[in-house]
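Here the structure comes first, spelled out in structure tokens, and everything after it is commentary.
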Amino acid sequence: MITGTHRPSKVLVDETAILHNIQHAKAQLKDDTQLFAVIKADAYGHGLLRVARVTQAAGATGFCVAILDEALALREADYTIPILVLGIISPETAALAATQTISVPVGSKAWLEAALPVLQANPDQPRLRIHFALDTGMGRIGFREVADLIDAVDYVKAHSQWFEIEGIFTHFATADEVDTTYFNSQVDKFHQYLAALPERPKYVHVSNSATSLWHAACNGNMIRFGVALYGLNPSGRAIPETPYQLEPALQVVSELVFSKIIHAGDAVSYGATYHAKRDEWIGTVPMGYADGWLRRLQGFHVLVDGQFCEIVGRVCMDQFMIRLPKDYAPGTPVVLVGTSGDEKITLQDVADYSDTIHYEIACSLAERLPRESINPIK
Ligand SMILES: *Cc1c(COP(=O)(O)O)cnc(C)c1O
């Protein structure tokens, strides 16, 4: 997609907020525990390479990404610290991962068997670093039986020229909920697997952001710190208390490109679903659902000059309209996410109105919106 550098709509990323979030998270960790920054999906929409740079400067000692291509982009940008892919990669790409010293999850012996000939065809590369994924209750990827894990460990031992066990991990389904029953059942299962392992790998990790915030006892020796580094509460509004203040890093801003007065009965946008009740000032904002500003945000609001302005009529692909309290000229700043005067709109507010979670809103912001740093570090 072409990025709109000549249009006023953009995403602002506060580097200092990210720095603070990571520093606070690190201060909570035991000395032997490392923080890997989860920067998958273009760093949750904040920009992969920007966030890689800031998080490493803030003390992250590794990165987690979702897919091999994200890891390759980081190596291409000369990042040499450990990178763990969190999703299962194609066995055909095992040699590529090994060559670039990218660590990958393994959830079955079958995957190892499929990757072996691929590695053997490239005998000069380093061993592939693997992290055994344990499905203790997430139901997504990983071993579900201790015996299967031990079988895979034996397979790796028998092919230790090609594979190196670097880590073991699991992922929690309910770490962001008040009720800890299911969470605790996952912890118990994880300990059963760990007890059955002949030796502890270098990295033992279970914590996403929510686990690191609210279940500090079970961090292992590495945490996979994602959404909280961007200053977002992993629970949404379910658990408002966090051990340290999370500072949201992302803002979305634009400017009016047009404004006009319309009269009682006049309609706005597709379907003519909105009709003015009286004379009304209507402004047009150059952003739409193609930018990730969802169509269902009709009826929500943005901020102009410290005042909430309703989104009237349907959100179009590239533009939407708002009702202004008075005439504001083209070029007037519009805040979609962030603060204006004394008022504020958060990603959580947008998510609530859209009936989803803030993760999804952040990831949906399209590449067409340029990302710009504010409050750059050092
Ligand atoms: C995305 C992801 C994380 C990060 O989760 P947050 O809630 O953003 O902290 C950690 N672990 C795995 C396996 C993931 O897929």
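For the reader, a short list of remarks on this structure follows.
- Dividing the convex hull volume of the alpha carbon atoms of the stretch 15-230 by its residue count gives 113 Å³ per residue.
- Relative contact order (%) - criterion: Cα under 8 Å, at least six apart; region: the chain: 19
- Stokes-Einstein diffusion coefficient of the stretch 186-310, Kirkwood radius over Cα pairs, 10 °C, 1.306 mPa s, in µm²/s: 82
- Less than 5 angstrom separates the built amide H of L12 from those of Q251, V252, V253, E372, all sequence-distant by 5 or more or on a different chain.
- Rh by Kirkwood over Cα pairs, then Stokes-Einstein D for the chain at 1.306 mPa s and 10 °C, µm²/s: 70
- The chain - share of DSSP beta bridges that are antiparallel (%, nearest 5): 50
- For the pair D154 and A195, a Förster radius of 22 Å applied to the C-beta separation gives a FRET efficiency near 0.85, rounded to the nearest 0.05.
- To the nearest ten degrees, helix 109-120 and the longest principal axis of the Cα atoms of the chain are 80 degrees apart.
- The Cα center of the stretch 206-236 and the Cα center of the stretch 120-165 differ in position by 25 Å.
- Cross-linked pairs K277/K326; K109/K202; K40/K344; K30/K157; K30/K378; K26/K202: Cα-Cα separations exceed 23 Å for K40/K344; K30/K157; K30/K378.
- Rg/Rh ratio calculated on Cα atoms of the stretch 16-141 (Kirkwood radius): 1.00
- Dipole of the stretch 15-230 [Lys/Arg +1, Asp/Glu -1 at C-beta], most positive-end residue of T93, A121, A17: A17
- Where only DSSP H runs of four or more residues are counted, the chain gives -8000 deg cm²/dmol as its mean residue ellipticity at 222 nm, each run worth -39500 (n - 2.57).
- Choice from A216, A41, A158 with maximal GNM fluctuation in the chain (Cα, 10 Å cutoff): A158
- Given charges at beta-carbon only (K, R positive; D, E negative), |dipole| of the chain in Debye: 300
- Mean-position separation - Cα centroids, the stretch 36-52 and the stretch 86-110, in angstrom: 20
- Distant-in-sequence amide contacts of D266, defined by a placed amide H-H separation under 5 Å and a gap of 5 or more residues or a different chain, comprise A276.
- Residues of the stretch 298-318 falling in the label zone of A272, defined by backbone nitrogen less than 15 Å from a point 7 Å along Cα to beta-carbon, are 313-314.
- For the stretch 248-275 and the stretch 167-188, distance of Cα centres in Å: 44
- Kirkwood estimate for the stretch 250-345, i.e. one over the average of 1/r between Cα atoms, Å: 13.1
- Calculated over the stretch 290-378: convex hull of Cα atoms, volume per residue (Å³): 124
- Each label was represented as a point 7 Å from its Cα along the Cα-to-Cβ direction; for T99 and K202 these points are 2.1 nm apart.
- Relative contact order of the stretch 250-345: 35 percent, from C-alpha pairs under 8 Å at least 6 residues apart in sequence.
- Share of alpha-carbon pairs per 10 Å distance bin for the stretch 204-259, given as whole %: 21, 43, 19, 10, 5, 2
- Counting 0.36 nm for each residue step from N184 to Q120 and taking away their Cα separation leaves a gain of 18.9 nm.
- Angle between the chain longest axis and helix 146-158 axis [Cα atoms, degrees, rounded to 10]: 70
- Mean Cβ count within 10 Å, highest first, over the residues of peptides 6-14, 202-210, 347-355: 202-210, 6-14, 347-355
Bear in mind that the values in this text are calculations on the coordinates, not laboratory data. Quick caveat, the model's predicted, so the values are computed rather than measured. Cβ atoms come from the backbone with ideal geometry, glycine included; neighbour counts cover every protein chain shown.
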